[in-house]
Amino acid sequence: MRIIFTILLTLGLLHAQSIDKLVKVALKKHPSLKTIQHRLSAMDERIAKSQKWANPDLSLTINDIQFRKPLGRSQERMQYHALNFKQIFPWFGKLDARKTYAREQKHVVLHSYKAARTALALQVRTTAYSIKELQARIGVLSRYRRLAKQNIKLYTDMISTDNMSHADSISAELSFSRIEIRQERYRSLLQAQKEKLAYLIQSPVTRINNALHIKRPRSLQYYLNRLTHNPTYHIKLAQNAAANANKVLVDMETHPDPYVKVGYFNRPDFPDYASVTIGMSLPLYGTEKLNSEIARKEALSSVSASLDYKAFLKSEIRTNYAKLKEAWRIYNIIQRKSLPQLRHMLELSASSIEEGADLFTYTNILEQKLALEEESISMKAEYLRTKAKLKALIGGL
């Protein structure tokens with residue numbers, strides 16, 4: 001029996017993991033990150049593509065086909081076969097500008113990958129803390145059920161049942177039924193959170209090692225000083241850089257690329273000859289200037305977007321820090337003031353029950369203490385979830 005117990009305990013320990021370990025597993029295995037990794041890898045090909053010239057045009061011309069004799073190709077000098085080759089030459093630094101733009105686009109994807117990692121880590125942490133909260137709530141409810149049943153039995157055994165005591169007993173039983181209902185709800189929520197965590201890390205989790213333990217929060221300034229580490233903020237900056245690079249590239253389009261066209265002409269019964277054509281498109285209608293103005297305004301828009309997000313980020317940090325402090329203060333009020341008072345009242349009420357006193361008073365105090373213990377668990381979990389969000393807001397995994 002001891003061997004079986006030891007084996008089961010060992011297996012349980014092997015499947016138990018810390019939250020940090022769960023985050024690492026999720027970052028390694030989640031398919032959403034692999035999707036962005038493939039996009040990031042494709043950006044290298046985009047950069048290489050930016051240095052390629054446009055494909056040349058190759059054409060075959062058969063000139064002056066006589067309807068009265070379509071296959072006759074020696075009727076006159078104008079009858080010829082021509083092979084034409086046309087190539088556009090990018091200049092004015094356009095290849096370098098294309099490469100710069102492609103690189104800035106890659107930076108956008110790279111920072112989106114970092115943002116996705118941060119968001120995934122946050123989901124793992126908040127889900128894990130919710131699981132620990134629900135498990136703690138279920139454990140507290142189980143303990144209170146056992147304690148309450150013991151006292152009801154004691155009350156029933158020691159006191160002769162009259163109308164009032166019978167009503168007290170029924171009231172206590174209903175109270176414990178409500179506890180059972182809450183337990184079932186918590187179990188359902190717990191299963192849903194476990195399924196969510198299993199999706200996030202792509203494997204089931206038996207047990208999470210971490211306890212719901214909290215300590216005094218860092219200062220607000222600590223988080224504000226690090227807000228520029230936020231990966232989504234870096235996406236905005238990268239989008240701004242990409243918009244500026246695109247503007248430079250679009251501005252260059254006002255200078256048309258020249259092209260060279262070379263043709264070889266073959267004439268049966270007459271001398272062959274060649275032709276060379278040099279040309280470029282004429283920007284007569286102002287399309288390029290309009291595109292340049294569009295690119296300029298889009299670049300300005302991206303600057304405004306980055307400034308707006310930075311202000312939003314500062315607001316989010318302040319808001320979540322206020323929630324963090326609130327959870328910390330409420331938890332300390334419950335632990336240092338409310339629960340000690342209720343414990344003392346519960347001890348007095350339990351002693352009174354043994355002497356035949358009213359069970360209703362004891363049950364009421366028990367419910368208050370249970371509510372406070374659940375609130376204490378809730379505040380710890382909320383504190384940890386909020387702390388995880390603040391960690392994500394400054395780019396922490």
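Below are the figures for this structure:
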| read-out | value |
| --- | --- |
| Top-ranked residue of segment 216-234 - restricted to ones that are touching a residue at least 60 places away in the same chain (Cβ under 8 Å) and in a loop (DSSP other than H, G, I, E, B), ranked as surrounded by the most Cβ atoms within 10 Å (Cβ to Cβ) | N230 |
| Residue count, segment 60-116 (criterion: within 31 Å of the chain's Cα centre (by Cα) and among the hydrophobic types (A, V, I, L, M, F, W, C)) | 6 |
| Residue list for segment 268-304, filter: surrounded by 11 or more Cβ atoms within 10 Å (Cβ to Cβ) and assigned to a strand (DSSP E or B) | Y273, S275, T277, G279, M280 |
| Residue satisfying condition, being touching a strand residue (DSSP E or B) at 6+ places or on another chain (Cβ under 9 Å) and not polar (S, T, N, Q), within set D44, D57 | D57 |
| Test for R329: is it loosely packed, with under 14 Cβ neighbours inside 10 Å, at pLDDT 95 or above and closer than 30 Å to A211 by Cα | yes |
| Residue count for segment 248-281, restricted to those that are under 25 Å from M78 (Cβ atoms) and either aromatic (F, W, Y) or in contact with a Ser or Thr (Cβ under 6 Å, 6 or more places away or on another chain) (or both) | 8 |
| Criterion violated by L237 - all others in (1) among the hydrophobic types (A, V, I, L, M, F, W, C); (2) surrounded by 19 or more Cβ atoms within 10 Å (Cβ to Cβ); (3) free of Cβ contacts under 8 Å to residues at least 60 places away in the same chain satisfied | (3) |
| Top-ranked residue in segment 194-215 [being among the β-branched types (V, I, T) and not in a loop (DSSP other than H, G, I, E, B); ranked as surrounded by the most Cβ atoms within 10 Å (Cβ to Cβ)] | I201 |
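The values are calculated or read from the model by the stated rules, or taken from the named source; none is laboratory data. Values in this document were obtained by computation on a predicted structure and should not be read as measured data. Every residue, glycine among them, receives a Cβ derived from its backbone with ideal geometry; neighbour counts consider all protein chains shown.
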